[in-house]
Amino acid sequence: MLPGKSLDRRTLLKGLGTAVALPLLDAMVPSFIRAATSKTAPPCRMAFLYVPNGIIMDEWVTSKLTGATPLPAELPRVASFLAPFRNEVMILGGLTQNGGRALGDGPGDHGRAGASYLTCVHPKKTNGRDLRAGVSVDQIAAERLQGRTRFASLELGCEEGVQGGSCDNGYSCAYSNSISWRTPSSPNPAEIRPRAVFERLFGPGDLDPDPARRARQQQYQQSILDVVTGDARRLSSTLGGSDKRKLDEYLSSIRDVEKRIQNAEQNPRPASPGVSPPAAGIPTDFAEHARIMMDLTTLAFQTDATRVVTLLLALEQSPRAYPEIGIPEAHHGLTHHQGDKEKIAKVTEINCFHMKQFAYLLEKLKSTPDGEGTLLDHAMVTYGSGLSDGNAHNHANLPLVLAGRGNGTLRPGRHVRYADETPMANLFVAMLDRMSVPVETLGDSNGQLGYLADF
């Protein structure tokens, strides 16, 4: 690089039908500018991960002491997967989604749990087209940040759901199968196809809708990196040693994800007995599917392709079984355990399996350099469910993890227990403020949420 010059932050590696964005490199900001101003600090990102049907709360952090305390030395079983990241997470308690409750509408807690989770609004009970919920926190951020990134937001998932018909006691399937809402009447269905997300980030973005034709086309496609290799070599020759390593590691990460997607497409594993086979190109193994989506989330944050992601790990009332961990029964049915110890043990295993995948994402974000820190330093990532006790359909004291440092605006390493009935919307208002997207209210929010940055 010439003295005093810098590489454009939006430089792309280009090839035929392909444009690969770059991570933040030292060459993009000369050292004298980095030292003199904070305006070049990496942006803050936010992600929301959702698991359905509640968590076995006896295996969660259940302290009723109001206020902030250091995380316990030993965490209960489900939460124990967070132990390697105890200095990067807060476990929050006492938060409630009142919009998930019946409020006179009778049964339908699963539909309301999904629809209210990020909107903080009680959804209209309907299984027709007259849907009504609210704009979700991710879409409030996406709309205000539009134009700063290539994609305002990404809505990802690991289980396919329909958007029409009735799924829960008169509530449309759209309520159960979407947590992101662009408008009060427009849910954002989650994209579950890894190839579609990969092509959106790095390819031409115009996948053939016919699976058979698409599969034939992809047999002849070059690797994304093969197409841009010449441009990558030219760029590398202008970089310093540290940036060369960053570029090499980044391109290796892309290639790793690409190979795993190709493997799912070309070598589909047979589904277990009693389990419906997934659509073409969808990994049969849940953990592999989830981790590819998490790797794509990491790459999207690393290249500043978006700053807002939702990941629906499974659907409310999910019929998914988990034979890979020895559980052939459907998750949702097991959560109606009525105190059956064997069923409770199986739900706990599923909760642990989900949490293990979340820990994988935390490790990816923590190990990915970003400016003077890591992606996890410059992010806010929540993990939780719209129900606490899935057997009782309880919408209070929801299980919730807030990971990351939010560009220095969060103080992790603690368990924070808020007063009962504190709206979860208060947390989302605080997160939006840290994204420089201030709002006065969101859903049923009623004030500031303390303890996020101090005791």
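Before moving on, here are some points about what is shown:
- With a Förster radius of 41 Å applied to the C-beta separation of residue 186 and residue 324, the computed FRET efficiency comes to 0.70.
- Taking each residue as 0.36 nm, the span from residue 454 to residue 419 lengthens on full extension beyond its C-alpha to C-alpha distance by 10.9 nm.
- Anisotropy class of segment 291-449 from Cα gyration tensor, a/c 1.5 cut: oblate
- DSSP-defined antiparallel bridges as percent of all bridges, the chain, nearest 5: 50
- Along the axis of the charge dipole computed for the chain (Cβ charges of +1 for Lys and Arg, -1 for Asp and Glu, origin at the Cα centre), the listed residues 327, 71, 410 are led at the positive end by 410.
- Sorted peptide list for 45-51, 257-263, 114-120, 93-99, criterion being average Cβ within 10 angstrom, highest first: 114-120, 45-51, 93-99, 257-263
- With 31 Å as the limit, the listed pairs 64/356; 64/346; 124/341; 259/356; 124/346 have 124/341; 124/346 beyond it between alpha carbons.
- Distance between the modelled labels on residue 80 and residue 440, one decimal in nanometres: 4.9 nm (7 Å Cα→Cβ projection).
- Working value for segment 54-191: equivalent-ellipsoid semi-axes of 30, 21, 14 Å, each the square root of 5 times a Cα gyration tensor eigenvalue, largest first.
- Calculated FRET efficiency for the pair residue 64/residue 143, C-beta based, R₀ 51 Å, to 0.05: 0.85
- Gyration tensor verdict on segment 360-424 (Cα atoms; rounded if a/c is under 1.5, prolate if a/b is larger than b/c, oblate otherwise): prolate
- Calculated P(r) of the chain - Cα pairs past 35 Å, %: 29
- Taking amide hydrogens as placed 1.01 Å from N in the peptide plane, the amide H of residue 191 sits under 5 Å from those of 155, 156, 157, each at least 5 positions away in sequence or on another chain.
- Around the Cα centre of the chain, unit charges on the Cβ atoms of Lys, Arg, Asp and Glu (plus for the first two, minus for the last two) sum to a dipole of about 1080 debye.
- Potential extension, residue 73-residue 233 segment - 0.36 nm per residue separation minus Cα distance: 52.8 nm
- For segment 346-407, the Cβ-based charge dipole about the Cα centre amounts to some 140 debye (Lys, Arg positive; Asp, Glu negative; other atoms uncharged).
- Distance between the modelled labels on residue 411 and residue 11, one decimal in nanometres: 4.0 nm (7 Å Cα→Cβ projection).
- Cys with no candidate disulfide partner in the chain (beta-carbon separation under 4.7 Å rule): 44, 120, 158, 352
- Available extension along the chain between residue 259 and residue 162 is 32.0 nm, counting 0.36 nm per residue and deducting the alpha carbon span.
- Report note on the peptides 226-235, 343-352: ranked by the mean count of other C-beta atoms within 10 Å, highest first, their order is 343-352, 226-235.
Read-outs throughout are calculated quantities, based only on the coordinates presented, and are distinct from any laboratory measurement. Please read these numbers as outputs of a predicted model, since none were measured by experiment. Here the Cβ is made from the backbone with ideal geometry for all residues, glycine too, and neighbour counts use every protein chain on show.
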